[in-house]
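Quick note: the coordinates plus some simple rules give every number you see, no bench work behind them. The structure displayed is predicted, hence computed values, not measured ones. Quick reminder, even Gly has a Cβ in these numbers, built from the backbone with ideal geometry, and neighbours come from all protein chains shown.
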Amino acid sequence: MGLFDMFTKEGRLRKHARVMADRNTLPEDREVSERWLLDEGSGQALYALLKRFDVRISQQIVDTQEKERLYDRLFALGEDLDGPLLQFVRAASNRTWPLKLLEARQGTDAAVGLVVELLAAEQGTASFEPERKRHLLVWLADHVHPTVVETATPFLSDFDEEVRYAAAEAMLAQEDEAARPALAAVLADDKEESMRLKHRIATVFSRKGWRVEDPDAVSGSLPTGFRVLDDGRLVAA
């Protein structure tokens, strides 16, 4: 930063934004920058504050305390936060806290709608960052919503096992039999190598009494500990 920048609002904003995004900054320095940016209150300043949620410091307790404090202060801003928050959620690496803010500010439908939009964008790209998809699907698994089954289904065939597992969990969490055909197809898929995934699905099918359409196809691909009855129901072997 040049000497002149130190005496301009733009220069100070950039300085405090860097502090908030630096995991090596001292907590007391982050607190000073946090208060300055809150007082400044522009869209740029609020976006800079939100970037703190993308930073994880080594002191986990301090990290959580700081994020809880920032969450409360940002929530108190009301509608002034909405524009920068929507912009940040789309770009964030870690969306847990921003989505929590969005849901608190605008409701579950708005938050789920944005997650559905983000997952659709991920589905349309050859992304080799599976964590972005997994985090969104894990977030969906904590919400019961009529769009979840349709949204998560394409990710049952993702190249990454953790993404496939997260998609199945999101669908199973809906307690909706609309998820049954797609999940049954995973059980029947002899190319699916994840027995952990198949075991999780089979466990729920057995508990719920859900049937599979093609017992013969499924019987040859079930994980150890399950068998399929003639009527398509799965039971513990």
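With the Cα gyration tensor of region 179-237 giving a ≥ b ≥ c as the square roots of its eigenvalues, does the rule (a/c under 1.5 for rounded; else a/b larger than b/c for prolate; else oblate) give rounded, prolate or oblate?
Rounded, since a/c falls under 1.5.
Which ³J(HN,Hα) values, rounded to whole Hz and listed in residue order, are derived for region 23-29 from phi using the Karplus coefficients 6.51, -1.76 and 1.60 in 6.51 cos²θ - 1.76 cosθ + 1.60 with θ = phi - 60°, glycine and proline given as x?
Once θ is set to phi - 60°, the couplings for region 23-29 become 5, 8, 5, 5, x, 5, 6 Hz.
Which of rounded, prolate, oblate describes region 107-175, given a ≥ b ≥ c as roots of the alpha-carbon gyration tensor eigenvalues and a/c under 1.5 marking rounded, otherwise prolate only if a/b is larger than b/c?
The shape class here is oblate.
Taking the dipole about the Cα centre of the chain, with the C-beta of Lys and Arg at +1 and of Asp and Glu at -1, give me whichever of Gly11, Val235, Phe155 is farthest to the positive side.
Gly11
Calculate, in nm to one decimal, what Phe159 and Arg56 gain on full extension: separation in residues at 0.36 nm each, minus their alpha carbon distance.
34.3 nm
Give a quick list of trypsin sites (Lys or Arg not before Pro) in region 128-237 that DSSP marks as loop, anything other than H, G, I, E or B, with at most 11 other Cβ atoms within 10 Å.
Here the trypsin sites (Lys or Arg not before Pro) that fit, given the DSSP loop and packing criteria, are Lys191.
Can you list which of the chymotrypsin sites (Phe, Trp or Tyr not before Pro) found in region 139-237 are DSSP loop residues with at most 16 other C-beta atoms within 10 Å?
Listed in order of number, the matching sites are Phe159.
What is the magnitude of the charge dipole of region 1-121 about its Cα centre, with +1 placed on the Cβ of each Lys and Arg, -1 on the Cβ of each Asp and Glu, and no other charges, expressed in debye to the nearest 20?
Result for region 1-121 is approximately 320 debye, rounded to the nearest 20.
Tell me, what is the percent relative contact order of region 107-175, built from C-alpha pairs under 8 Å that lie six or more residues apart?
34 percent
If you keep only loop residues by DSSP, which GluC sites (Glu not before Pro) in region 139-224 have at most 11 other Cβ atoms within 10 Å of their Cβ?
Answer in residue order: Glu175, Glu193.
Among Ala217, Val186, Ser206, which residue has its Cα furthest toward the positive end of the charge dipole of region 179-237, with +1 on Lys/Arg Cβ and -1 on Asp/Glu Cβ?
About the Cα centre, the residue reaching furthest to the positive side is Ser206.
Give me the dipole magnitude in Debye, nearest 20, for region 179-237 about the Cα centre, with unit charges on the beta carbon: positive for Lys and Arg, negative for Asp and Glu.
Charge dipole, region 179-237, about its Cα centre: 420 debye, nearest 20.
Checking the a/c ratio against 1.5 first, then a/b against b/c, what shape does the Cα gyration tensor give for region 1-101?
In terms of gyration-tensor shape, oblate.
Could you pull the Rg and Dmax for the chain, using just the Cα atoms, both in Å?
Cα only, the chain: 22.6, 80 Å (Rg, Dmax).
Place a +1 charge on the Cβ of each Lys and Arg in the chain and a -1 charge on the Cβ of each Asp and Glu, then give the dipole magnitude about the Cα centre in debye, rounded to the nearest 20.
560 debye
By the scheme Lys and Arg +1, Asp and Glu -1, what is the net charge of all other residues having a beta-carbon under 12 Å from that of Glu193?
0
For the pair Glu117/Thr96, report the inter-label distance in nm, with labels modelled 7 Å from Cα in the Cβ direction.
With each label placed 7 Å out from Cα toward Cβ, I get 2.4 nm.
Mind scanning Lys15/Lys51; Lys15/Lys133; Lys51/Lys100; Lys67/Lys100; Lys9/Lys51 and naming the pairs with a C-alpha gap bigger than 21 Å?
Lys15/Lys133
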